[in-house]
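This report refers to the structure that appears directly beneath it.
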Amino acid sequence: MPDSEFFQYLKSKNLEKSKEIILTKLDNEEDLIIIISDLILFSSLVFRKNNKHLHPLILINAIKNIIGDDRKNPSGILLSFFIEYLDLFTLRTDDRKIVDDILKEGYRESEFVSDLYDACQEGDVIKIKKISARIYIVSEKSRAVLDALIEVILQNVQDSILFVYHLLRSFQFQKSQNTWTFICSLIQELQFFPIPEAHKSSAITPADIKKRIIQFGDVKLFSAVERLWKGDYVRKGSYRRELSYWCHCISDNEKMLNQKSQTSFSFKDKNYNFFIKLGESIILDKKKSLEEKINNLIILESLRSIKKMSKLDELELLENRFAIIVENENWKI
């Protein structure tokens with residue numbers, strides 16, 4: 001399938017034309033889905049030498065979720081900001097070559113998922129790519145390798161959860177297309193943090209630590225953990241094993257605060273597009289650096305998700321925490 005006109009503009013770094021399509025040709029939800037799919041695909045292809053900048057898959061999925069509050073009027077400010085962010089990256093060009101080289105090798109004994117696990121523990125990226133390609137070919141280009149790699153990378157929840165969750169949601173938004181591209185994107189991230197041995201499962205769940213996280217914990221990580229926990233995945237048991245271990249560590253390291261809401265802030269009187277308008281104000285704040293804007297957008301999307309999944313008593317705590325974040329980050333509401 002040939003690249004769309006919009007995707008070609010992204011590849012050629014023609015920001016003006018890319019933004020023009022965003023601002024003039026988004027006439028319906030179908031157009032929006034196509035544009036976001038292109039932005040997701042481009043993001044999955046980015047080449048990353050280091051972990052200096054947030055992976056664009058995290059940001060585009062967050063923006064997608066925020067925009068979802070008003071799909072009939074997609075925010076040009078949010079989408080244009082993301083297009084500008086993509087300009088920081090180049091694209092990988094050797095993804096297909098790995099598969100082609102393996103096909104040229106011809107028949108050999110099958111690789112097993114256990115071999116892939118061992119290669120990940122060794123940190124041998126070249127070996128990981130070759131084993132992944134062989135399993136991908138033998139499995140008739142299924143998502144089996146993707147799921148196996150996620151199981152491994154989640155052995156370091158603290159460093160990987162944001163990327164893993166948003167990659168999975170981005171992959172599903174694309175209706176599980178471009179599987180090998182997403183596999184290569186995952187492999188690329190393995191070089192940026194260590195992968196420990198698998199952990200033992202814990203009885204502690206995200207629900208058990210939710211209130212303390214809402215009060216003073218890392219809402220970005222927790223929001224991703226909570227949503228991945230509730231997702232329906234083939235390897236759900238393995239994912240939950242590592243997520244429960246992370247929850248156990250949090251419960252051991254943090255103490256519960258029994259504080260009541262001390263603010264007059266309430267979500268009840270906010271319009272349906274509240275998070276969109278707040279996201280736009282963050283982007284338009286000239287006092288914030290690029291890194292601050294991106295971090296604020298991820299925090300905002302995480303708070304939005306936690307709000308949607310909170311009970312009444314949790315919501316009261318979240319309103320208090322939201323007011324504190326608004327003050328600390330100087331958000332304009």
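Below, the figures for the structure above:
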{"read-out": "Members of the range 19-38 that are among the hydroxyl-bearing types (Ser, Thr, Tyr) and closer than 18 Å to Thr181 by Cβ", "value": "Ser37"}
{"read-out": "Residue tally, condition touching a Leu at 6+ places or on another chain (Cβ under 8 Å) and under 19 Å from Leu26 (Cβ atoms), over the range 80-101", "value": "6"}
{"read-out": "So Leu103, is it crowded, with 19+ Cβ neighbours inside 10 Å and either more than 22 Å from Val164 (Cα to Cα) or modelled with pLDDT under 95 (or both)", "value": "no"}
{"read-out": "Condition check for Asn65: closer than 20 Å to Phe275 by Cβ, outside the structural domain of Phe173 (by TED's automatic domain parsing) and not in a loop (DSSP other than H, G, I, E, B)", "value": "yes"}
{"read-out": "Qualifying residue in the range 162-175 (condition: in contact (Cβ under 8 Å) with a residue 40 or more places away in the chain, part of a helix (DSSP H, G or I), over 23 Å from Leu54 (Cβ atoms) and not acidic (Asp, Glu))", "value": "no"}
{"read-out": "Flag for Tyr136 being under 30 Å from Ile33 (Cα atoms) and not assigned by TED's automatic domain parsing to the domain that holds Phe47", "value": "yes"}
{"read-out": "Selected residue [charged (D, E, K, R), more than 24 Å from Tyr233 (Cβ to Cβ) and assigned by TED's automatic domain parsing to the domain that holds Asp38] from Asp70, Asp124, Asp100", "value": "Asp70"}
{"read-out": "Lone unmet requirement of (1) outside the structural domain of Leu318 (by TED's automatic domain parsing); (2) over 20 Å from the mean Cα position of the chain (by Cα); (3) farther than 27 Å from Lys129 by Cβ; (4) surrounded by 13 or more Cβ atoms within 10 Å (Cβ to Cβ) for Lys288", "value": "(1)"}
{"read-out": "Candidate set: the range 252-271, residues that are hydroxyl-bearing (Ser, Thr, Tyr) and at pLDDT below 90; chosen: the one farthest from Ile150 (Cα to Cα)", "value": "Ser264"}
{"read-out": "Out of Asn296, Asn328, sole residue that is modelled with pLDDT under 95 and under 29 Å from Asn51 (Cβ atoms)", "value": "Asn328"}
{"read-out": "Hits in the range 12-32 - residues which are assigned to a helix (DSSP H, G or I) and free of Cβ contacts under 8 Å to residues at least 60 places away in the same chain", "value": "Glu16, Lys17, Glu20, Ile21, Leu23, Thr24, Glu29, Glu30, Asp31, Leu32"}
{"read-out": "Total residues in the range 39-61, condition under 14 Å from Ile161 (Cα atoms) and either touching a Leu at 6+ places or on another chain (Cβ under 6 Å) or among the charged types (D, E, K, R) (or both)", "value": "2"}
{"read-out": "Selected residue (criterion: surrounded by the fewest Cβ atoms within 10 Å (Cβ to Cβ)) from residues of the range 292-316 that are acidic (Asp, Glu) and over 17 Å from Leu59 (Cα atoms)", "value": "Asp313"}
{"read-out": "Residues being out of contact with any Ser or Thr (no Cβ under 8 Å at 6 or more places or on another chain) and surrounded by 14 or more Cβ atoms within 10 Å (Cβ to Cβ) - total across the range 271-280", "value": "5"}
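Each row is one residue, and each column tells you yes or no for (1) in a helix (DSSP H, G or I); (2) in contact with an Asp or Glu (Cβ under 7 Å, 6 or more places away or on another chain).
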residue: Gln191; (1), (2): yes, no
residue: Glu197; (1), (2): no, no
residue: Ser202; (1), (2): no, no
residue: Ile209; (1), (2): yes, no
residue: Ile214; (1), (2): yes, yes
residue: Ala224; (1), (2): yes, no
residue: Arg227; (1), (2): yes, no
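The values are calculated or read from the model by the stated rules, or taken from the named source; none is laboratory data. Keep in mind that this is a model prediction, so the values were computed, not measured. Neighbour counts run over all protein chains shown; Cβ positions are idealised from the backbone, glycine included.
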